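Below: one structure, written as structure tokens.
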Amino acid sequence: MSQQEERQKHWARIVAKAWADEDYKKRLLANPHDVFKNEEGLNYPPEASFEVVEQKDDKHVVLVIPPPPPDEVGVEKLESRLADMQCCSCSG
């Protein structure tokens, strides 16, 4: 299993836990770094920044534009690379 697949699987477990436990969800929304480290055993650098938001309905969607890769230039190359990326959507 790739690192990306492993992260997606772990995130799915975190989402399921947040759906089942309102207190856990509140902690996750308030301080994701602490929850990831202390409750999930995920070790990210202290300078890593996380923002977890709750999707209220299907009309509000948060999309993140990642920084461009430094090694590629040109729309065609970027489109090709982005086609290989995965998007995760969780809905209840």
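Computed from the coordinates by the stated procedures, all read-outs in this text should not be read as laboratory data. Because the structure is a prediction, the values reported are computed rather than measured. Here the Cβ positions follow ideal geometry from the backbone for every residue, glycine too, while neighbour counts run over all protein chains shown.
As a footprinting exposure proxy, order 36, 50 by other Cβ within 10 Å, with the fewest listed first.
So the residues, fewest neighbours to most, are 50, 36.
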When 44, 24 are ranked with the fewest other C-beta atoms within 10 Å first, the list becomes 44, 24
Cross-link reach from residue 59 to lysines, straight Cα distance under 24 Å and at least 8 residues apart if same chain, gives 17, 25, 26
Which Cα, out of 45, 33, 66, lies furthest along the positive dipole direction of the range 3-83 (beta carbon charges, K/R +1, D/E -1)? 33
Would you work out the charge dipole size for the range 13-78 about its Cα centre, treating the Cβ of every Lys and Arg as +1 and the Cβ of every Asp and Glu as -1, and quote it to the nearest 20 debye? 160
